[in-house]
Structure formats: C-alpha cells, structure tokens
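The values are calculated or read from the model by the stated rules, or taken from the named source; none is laboratory data. Note that the structure is a prediction, hence the values are computed from the model and not measured. Here Cβ is always computed from backbone atoms with ideal geometry, including for glycine, and neighbour counts include all displayed protein chains. Only protein heavy atoms, including side chains, enter the accessible area calculation; ligands, DNA and RNA are left aside. Shrake-Rupley method; radii C 1.70, N 1.55, O 1.52, S 1.80 Å.
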Amino acid sequence: MNQVAIEGHVRYFQSLLPATVERRVLFADGRRGTRSVQFLDGLHMRYRAPRLPRIDGATTRLGFDAIWRRFVHARPADPLLLYFAGHGSPDPGQDLDNNVFDLWGGGGLSVRDLAARMKELPDGTPVVLVMAQCYSGSFANLLFEGGRPDGELVERDIVGFFAATRDRPASGCTPEIDEADYTDFSSFFFAALSGVDRLGKRVDGADYDQNQLVGMNEAFAYALLHQATGDVPVATSDVFLRRFVNKPDHETMATPYSRVLSWSTPAERAALEGLSDALGLRGEHRLRAAYDREFGPGAGRRDVEDAASAHRLRFIRLAKSVVLARTLRQSGHRARIERFERLRAAEARNPLVEARAASQARQGSRRRAAR
C-alpha cells in the first residue's frame, strides 16, 4: 500500500527546500533496490523501486529513532520541520487523541510517542508539523504536555497543519502516476507556501493580506478553499481554541455572518467567502444553515468522501474558530490570549522563505570569510 503518490509528495517537498538546507528522508524500508512503490500501469497494479533524490533510512521505529538521535539531537538550536506523507490509523485502543502514523512493516508512531521525542528538544527549538495522513488531526495535541489534550501547554513554539480531523481519513494515497490529478492537502498547502505547484507552475492568490509573503496560515486557507476532496484539514490554533474556549455550538452558529467576517483575518475571510459561494450559502444566518444541514435532525449519516459535506464542515469549523478567537480576546484572560497570539504569529511564518534566507546568510558569511 505504498502508493506512488506518497513518493511523489516526498519528491515535491524535497524540491522546495534550498539545496543547502540539511534534511533527512525516511522512506519505506530505506533501500533503493526494493520494489516498494505501488503504481497503476493501465489496469494492472505493479511495483517498482523508489526514485527519490535521497533516502536516509527506513520508515520504521528504529529508523526514526536513529534519525532523531543522530540528526535532530545534533542540531538542537535549529528550527525543525517534520513532514509526514504516508498512511495513518486510528489508535488501536480507540483513543482518537492518540492516533498513529503507520510505519513500514507494521506498528506506528503515535501522538504520545512523538511527544516524548519532542520533549527531548530544548524548549527554544521551534517545530513545524505538516502531516498528510488519515486521522492526522490528533497530532495537534502535541501542543500539550505528553500529547494529551488535557495536558498543560508546552512552552516551545509548535505549530501544525493536518490533512484531516482526528476521526476522518484523508486523500492523497493513489497509485495513479499522473501528478496532475493529485489533489491532496499537502500539495495545495506547499504550492501556496512556495508559489510553485508540483508540476512547476506558478501559484498566485494566496497572499491574502497583501504583505508580499505567504504565511502558513494563508497556505492553510488556500487549501481549505481550493482542495476539492473530502478532506477536512485542521490547524493547531483550531485545537487550542476548542480546548480553552467553552462556547456551545448553538451560540456560535447563531452569530450573524457579517460579524464573523468582521472578526476574520484576510485569509479567513477569503476562505469563508469562497466556501460560502461554492456551497450556495446566503444571508446573515448561513452558519446556522450550514450547521443544520450537516448536524440537524434530517442530516442523515455523513459520507466521508462527499466533497460538498466536507466543504460545509470546513466552513463550519473555520467560522467556529473565528468566533472562538473573538470570544477568547474578549475574555480578559491575559496569559491565555498572549499564548494564542504567539501561536497565531508562529502559524503566519513561512519556513521555506526563512530557510532560504538562512541559507543565503550562511553563504554570504562564507564568502566574507574567504576574502
């Protein structure tokens, strides 16, 4: 089940990093000669060896721990970006707050497994997570000690963007070889963040605040708006707000739409307006209308592959986050507000631009030293 699209996601992401940026790649069993990549050849399912620029180890627990000790521990002050492109599963014990990233050959890396490893890093090491697997939203719990949703907030700046809520699958694992057909969350996210899609075409329109820089928050909004699949993506700020702001859904969904827009960031506003138009929502009570369509008495059982339903859920979740953020800012809880604003500021960064700037600075230092 190691589909060729997963290999394509890894290759695309590697192509976005400046050549001088240190990275490590774990893929399948870590061997170049193994026929570990599944692809569709006409009507036939076949397998071939990987064709990645580099492979540094196996996607196993031993492989992950080796990279963590030898690479991550050796560079404790460096910002860390972790990109997971693969499969995910619900926790075997049905604890959806502790889902797993599936490892090669069986087993998995759970939320709490990764939390324990991240605790080994200095508090000052910032971490960005982009996770494309099914049920990945539970990894937003890395905001909290031990990866537990009721734990204390961790001190480090950690932000994450996840392809799906903790209880839903995600798209992107296809054996189809034509990358023009790939519509997974991380492809849209990284295309907006880098300005170049996986086919090398320029991507515009994600700089919603017109500051000449696309932040991760804007890339997330771009994916919410443009990804035409059943995915319902999640950001760390969504999970923060739902943990610390207690506001019943019936109150949240009664908020007039014009107020929601007035409280939104430019990126949120663009996503809300675009989703609203696509869903045919109108008037001041469109939050309630969308919510009732999804959760009301006549809603019926939701199909996780229904793109229209997924878009309604994206609209509902985004509007809820906007209202909860407004409620938090009016709460007077100064420490919590400051922590939230710090999280939102970290989500607005662009690690690809920062990596490029750091790389250019190092090259400049070396040239000056050579003189």
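Scanning the stretch 37-78 for residues that are surrounded by fewer than 19 Cβ atoms within 10 Å (Cβ to Cβ) and among the hydroxyl-bearing types (Ser, Thr, Tyr) yields a single hit, Tyr47. Counting the residues of the stretch 182-203 that are without any contact (Cβ under 8 Å) to a residue 60 or more places away in the chain, touching a Lys or Arg at 6+ places or on another chain (Cβ under 8 Å) and among the hydroxyl-bearing types (Ser, Thr, Tyr) gives 0. Residue-level check: of (1) surrounded by fewer than 17 Cβ atoms within 10 Å (Cβ to Cβ); (2) more than 17 Å from the chain's Cα centre (by Cα), Tyr208 misses just (1). For the stretch 323-343, give me each residue that is touching a Leu at 6+ places or on another chain (Cβ under 9 Å) and farther than 26 Å from Pro169 by Cβ. The answer is Val323, Ala325, Thr327, Leu328, Arg336, Ile337, Arg339, Phe340, Leu343.
Return the residues of the stretch 101-113 that are open to solvent by less than 20 Å² (accessible area, probe 1.4 Å) and in contact with a Gly (Cβ under 7 Å, 6 or more places away or on another chain); say none if nothing qualifies.
First pass over the stretch 101-113, keeping only residues open to solvent by less than 20 Å² (accessible area, probe 1.4 Å): 101, 108-111.
If the condition is that a residue be open to solvent by less than 20 Å² (accessible area, probe 1.4 Å) and in contact with a Gly (Cβ under 7 Å, 6 or more places away or on another chain), then Phe101, Val111 are the ones that fit.
If you go through the stretch 126-155 and keep only what is free of Cβ contacts under 8 Å to residues at least 60 places away in the same chain, surrounded by fewer than 18 Cβ atoms within 10 Å (Cβ to Cβ) and not acidic (Asp, Glu), you end up with Gly146, Arg148, Gly151.
Only one residue in Asp113, Asp97 is in contact with a helix residue (DSSP H, G or I) (Cβ under 7 Å, 6 or more places away or on another chain) and among the acidic types (Asp, Glu). Which one?
Numbers: Asp113 fails: in contact with a helix residue (DSSP H, G or I) (Cβ under 7 Å, 6 or more places away or on another chain).
The match here is Asp97.
Close contacts from the stretch 289-305, counting a first residue that is under 17 Å from Thr165 (Cβ atoms) and in contact (Cβ under 8 Å) with a residue 24 or more places away in the chain and a second that is charged (D, E, K, R) and surrounded by 15 or more Cβ atoms within 10 Å (Cβ to Cβ), with Cβ to Cβ under 8 Å and a gap of 6+ residues or different chains, come to Ala290/Arg312; Val304/Arg168. If you go through the stretch 290-305 and pick out every residue that is touching a helix residue (DSSP H, G or I) at 6+ places or on another chain (Cβ under 9 Å) and open to solvent by 30 Å² or more (accessible area, probe 1.4 Å), you end up with 8.
Annotation: Ser89 fulfils all but one of (1) in contact (Cβ under 8 Å) with a residue 60 or more places away in the chain; (2) within 20 Å of the chain's Cα centre (by Cα); (3) surrounded by fewer than 18 Cβ atoms within 10 Å (Cβ to Cβ); the unmet one is (1).
On the stretch given as the stretch 238-257, residues that are open to solvent by 10 Å² or more (accessible area, probe 1.4 Å) and within 16 Å of the chain's Cα centre (by Cα) total 2. A Cβ distance below 7 Å, combined with a sequence gap of six or more or placement on separate chains, defines the contacts here; from the stretch 47-70, residues that are closer than 17 Å to Leu82 by Cα reach residues that are open to solvent by 90 Å² or more (accessible area, probe 1.4 Å) in the pairs Ile55/Arg32; Asp56/Arg24; Ala58/Trp104; Thr59/Trp104; Thr60/Trp104; Ile67/Arg24.
Arg349 meets all of the listed conditions (1) under 30 Å from Leu81 (Cβ atoms); (2) out of contact with any Ser or Thr (no Cβ under 9 Å at 6 or more places or on another chain); (3) part of a helix (DSSP H, G or I) but one, namely (3).
Only a single item in (1) within 22 Å of Val130 (Cα to Cα); (2) open to solvent by 40 Å² or more (accessible area, probe 1.4 Å); (3) of a type in the set (Phe, Trp, Tyr) is not met by Phe315, and it is number (2). Only one entry in Ala319, Ala310, Ala271, Ala346 is of a type outside the set (Val, Ile, Thr), modelled with pLDDT of 95 or more, within 24 Å of Ala164 (Cα to Cα) and touching a strand residue (DSSP E or B) at 6+ places or on another chain (Cβ under 8 Å), namely Ala346.
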